[in-house]
Amino acid sequence: MEFRGMNKTAPSGNGLGAQRSSTWKWGVCGLLLLASSINYMDRQTLAGASVRISQEFHLTQKGYGEVEAIFGYAFAAGSLVFGWMADRFSVRWVYGTVLALWSVAGIVTGWASTPNELLFCRGLLGFFEAGHWPCAVRTTRLILDERERSMGNGLLQSGATLGAIVTPLLLPLLFQPGTGGWRPPFFVIGIMGLFWLVPWFLVVRSSDLQAGVKGKGAVEEVGTDFLKVLLSGRMLGVLWIVACINTSWQVFRAWLPKFLQEGRGYSETHSLYFNSAWFAAADIGCLVAGAAVVWMSRGTLSASLSRLRVFSFCALLTASAVLIPWLQRGPLLLGILLLIGVGALGVFPLYHTFTQELSGRHQGKITGVAGVAAWILSAQAHLFLGALADRRGSMDLGLALAGFLPVLAIIPLWLFRKNSRPHPILCH
């Protein structure tokens, strides 16, 4: 993280692709945005069809929580594997491979005929989807400089919500009546993902994502030991932050359609349309958060303090979820849910920037280890929320607790800013 007292230079990206034109760099960011969209379309298809699937397989709320949990556990395992691979092998090939494999896993889900088969397919999807973030975040770090990364990460993260916006609108067109009518979207959306591979391999060369000569003012990082990075106080802070914000986001992402239908009596169509609007609000929050940091840091505030203030504001928006147990069906409930979406995703581009400032050499492994912390906790949260909902007959309390988690993520940010000192590992 860049805190007070650290290197204030703004080095260029340290990959050979950083020497390419601005048009090329932002074009690659556009491809990353599309990859995030595909990632979330495959993931969000299950949430949109959750009521249909629960009815066909006779799943309780806890049973549905187990389906989401297996995705989280597999994602945690994949984060370690692909985090290491993103640093060790060509990002161009690792990225293309994992995207192809998670698209195939999505297609196969459409053939699941038992709850165990559904769990297995969901596990495969989670494992291979985990490769997206280490590859994508390493790519933005290599091709963008420090001043551009918050915006580049904002585009990357906003792709997730773009896919999530489109999916609820697409599902009603693909659903078929009767048992098994939820299956066609898995086939169609999975096949769509395979088409992304063509522009990726045409536009990006392996040499573009190889480490090159560092820009003026950058610090060489060849001797940095990953273990020192992993055990640093700031890395522990990153693990705490991502565990809090990812758990909050994943709970709302996965449970919102069921909450609206089974908790507040909205129809499937209305819940899907609102789900699309919710992700649109989240997308706005993501882009505005990144742009706000750029705007604020052009004045008297440092980039570090700008990120901290924007992060804190977004976390407070998400904390408005504590009102959910007292809100019934109506405009006020929907308005609060939209504010939660703005805040819940707005923190992510800032978080990715924090991880990029820990170490460039170990970016993939940092993202992978952080993914383990993020997804182990979120998987447990799904199990907890499902069991709590079955016991209380309501999802309200679980959603309220999830919305408060980003506030807890503010704590290490303020602590490290107050107590930070220049550190040779964390200034790269």
Of the residues that sit in region 299-322 and are under 25 Å from the mean Cα position of the chain (by Cα), in contact (Cβ under 8 Å) with a residue 60 or more places away in the chain and over 22 Å from residue 164 (Cβ atoms), which one is surrounded by the fewest Cβ atoms within 10 Å (Cβ to Cβ)?
316
Against the condition surrounded by 24 or more Cβ atoms within 10 Å (Cβ to Cβ) and either assigned to a helix (DSSP H, G or I) or modelled with pLDDT of 90 or more (or both), how does residue 116 come out, does it pass?
no
For region 56-69, does any single residue satisfy the condition of being surrounded by 24 or more Cβ atoms within 10 Å (Cβ to Cβ) and acidic (Asp, Glu)?
yes
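Per-residue answers, yes or no, for (1) of a type in the set (Ser, Thr, Tyr); (2) within 17 Å of the chain's Cα centre (by Cα); (3) within 14 Å of residue 378 (Cβ to Cβ):
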site	(1), (2), (3)
68	no, yes, yes
73	yes, yes, yes
80	no, yes, no
105	no, no, no
Can you confirm whether residue 251 is assigned to a helix (DSSP H, G or I), under 24 Å from residue 373 (Cα atoms), β-branched (Val, Ile, Thr) and in contact (Cβ under 8 Å) with a residue 24 or more places away in the chain?
yes
Complete set of residues in region 38-60 that are part of a helix (DSSP H, G or I), of a type in the set (A, V, I, L, M, F, W, C) and more than 17 Å from residue 271 (Cβ to Cβ):
38, 41, 57
Only one of 382, 362 is surrounded by 19 or more Cβ atoms within 10 Å (Cβ to Cβ) and either at pLDDT 95 or above or more than 24 Å from residue 286 (Cβ to Cβ) (or both), namely 362
Exactly one of 234, 309 is at pLDDT below 90 and either under 20 Å from residue 403 (Cα atoms) or outside any helix (DSSP H, G or I) (or both), and that one is 309
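The values are calculated or read from the model by the stated rules, or taken from the named source; none is laboratory data. Fair warning: this is a prediction, and the values are worked out from it, not measured in the lab. Neighbour counts run over all protein chains shown; Cβ positions are idealised from the backbone, glycine included.
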